[in-house]
1. Do you know which residues across the stretch 28-54 are surrounded by 12 or more Cβ atoms within 10 Å (Cβ to Cβ), closer than 27 Å to GLN259 by Cα and in contact (Cβ under 8 Å) with a residue 60 or more places away in the chain?
2. Looking only at the stretch 349-374, count how many residues are in contact with a Lys or Arg (Cβ under 9 Å, 6 or more places away or on another chain) and either under 17 Å from ARG412 (Cα atoms) or open to solvent by 30 Å² or more (accessible area, probe 1.4 Å) (or both).
3. Which condition number in (1) in a helix (DSSP H, G or I); (2) without any contact (Cβ under 8 Å) to a residue 40 or more places away in the chain is the one that SER346 fails?
4. Name the single residue, out of those in the stretch 59-95 being among the hydrophobic types (A, V, I, L, M, F, W, C) and at pLDDT 85 or above, that is surrounded by the most Cβ atoms within 10 Å (Cβ to Cβ).
5. Among (1) open to solvent by less than 60 Å² (accessible area, probe 1.4 Å); (2) over 21 Å from the mean Cα position of the chain (by Cα), there is one condition SER236 misses while meeting the rest; what is its number?
6. Where residues in the stretch 137-149 are crowded, with 16+ Cβ neighbours inside 10 Å and not β-branched (Val, Ile, Thr), which of them is farthest from TYR384 (Cα to Cα)?
7. Kindly evaluate ALA152 against the criterion of being modelled with pLDDT under 80, buried (at least 19 other Cβ atoms within 10 Å of the Cβ) and of a type outside the set (S, T, N, Q).
8. Residue check: is PHE369 over 27 Å from LEU86 (Cα atoms) and out of contact with any Asp or Glu (no Cβ under 8 Å at 6 or more places or on another chain)?
Amino acid sequence: MKLTRIDNFIYLWSPVLPFIGYWLLAYCLFNFGPFITPEITAGTHIYVLVCLSMFVVAYKFGLGSKLKVCYRLMDLNINYHRENLLALNVLKQTSWLLFIGSVIFVFDRFNSGAGSFELVKNELANLRSDYSDKTTFLTTIGVFPQSFRIVAFSSYFYCIAKKLQIPNLVHALFFSIVVLEIVNMIISAHRGPLFWLGTYVFFLVSFCLKIKVIKELFSVRYFYQKILFIVFCLISFYYFYFIAKNREVESTTIYLGMQASYLLKYPLSSDFTDYGDIAAKYQLFYYLTDGFRYIESIYNNAPILNFDLLSGLGIRVQAQIQRFIPGYSFPANVNMGNWIFSAGLSAYGWPTALGASMAYFGIFGSPIFFYSLGFLSGYSTRRYIQTNRLGWLIIVLTFFTSLNMSFDWIIRNFDQYLALAYGIYLIFIRKDKVMLHDKYA
């Protein structure tokens, strides 16, 4: 398949484009957006730019220099038949597990009173603070089948890309999984599923299917799919806006809107001001930009070098440990929380991957961490393109998913651990099943 230079770039860089795009957008909004933002030191600016630059350079090194060779897939001496059968078997097994996990999550949220459509309609402002923690041990049980999410979607994307015959029941299961995730999102007033669904569609289209995005964007092909995607984007934006505007009681929303109106760089001249609208827009702006204040607070206190892998295991692991050891927190997370508190910031804010990595690895160790992350992302992308193996695609999607959570930290859920372990298993333990041509080794 011959791609234009820009389509070739999108294809090769699509596993990290949402990550890079997010941080470029956040940085530009923080410095040039419509609201006044707090000043941060030159050191913090330099640190952010160095970490992102190290990541980009390392990803390029991981991809390698001979990028055009990536498309000569049929030159490889690979037993595609076995790999395809493997993907179908993994798909059939993990799709059921993921579906069961999604059913358990939704059932427990309804049954425990931790969420409902009525609460969203009448008590949205109190839903997450007063009801969200009412989930029972059923949710903990549901974590196991839910942990197969990345493996299930990787195998699904692989089978779609290779045009394998996927049973209709499996298609129905994935459709049900998406619907259940959206239901769970709505009744709990969350927004995450819309985000990961949108990014997964991007990953499927631009990387797995290698669709010429720029060319097809202005063509009549995939007309209905593009209309559907536009509708999805509009609904997602409205839902994000609705949650942002209604997650507080009306009086609080108006007060927050009045406070935010003083932060506008270009104050409104109209006599009538919708403070609820300003509050909602500022909250969306705040989500994208407030991470830099957390990075600043950690930068001012973090050690030069540190090594604390335990704290990097993620909040989901910590939350499950706390079910058995109440009050337990990972060491570096405690220090980071103290630094954030001393800066007068909310304990419920997001430290971002750029901030948390300083607490875990130090100011000098963090750029090394991002360099390593970029190189491994690029290398796994290259290996999948060269070998066409499911194991490498699982690892690529694991990195893709992890990077897209960098607004908080790159590790949050158990599915990342399981996917990484399963991908490595398929690559190395089952190496005898697939032979790689010497010139690509």
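1. LEU29, PHE30, GLY33, PRO34, PHE35, THR37, ILE40, THR44, listed by residue number.
2. Looking only at that region, the number is 1.
3. (1)
4. Only one residue fits best here, namely LEU91.
5. (2)
6. Among those that are crowded, with 16+ Cβ neighbours inside 10 Å and not β-branched (Val, Ile, Thr), it is GLY142.
7. No; evaluated as a whole, the condition is false for this residue.
8. Here the answer is yes, as PHE369 does meet what is asked.
The values are calculated or read from the model by the stated rules, or taken from the named source; none is laboratory data. Keep in mind that this is a model prediction, so the values were computed, not measured. Here the Cβ is made from the backbone with ideal geometry for all residues, glycine too, and neighbour counts use every protein chain on show. Side chains included, ligands, DNA and RNA excluded: accessible areas come from the protein's heavy atoms. Shrake-Rupley method; radii C 1.70, N 1.55, O 1.52, S 1.80 Å.
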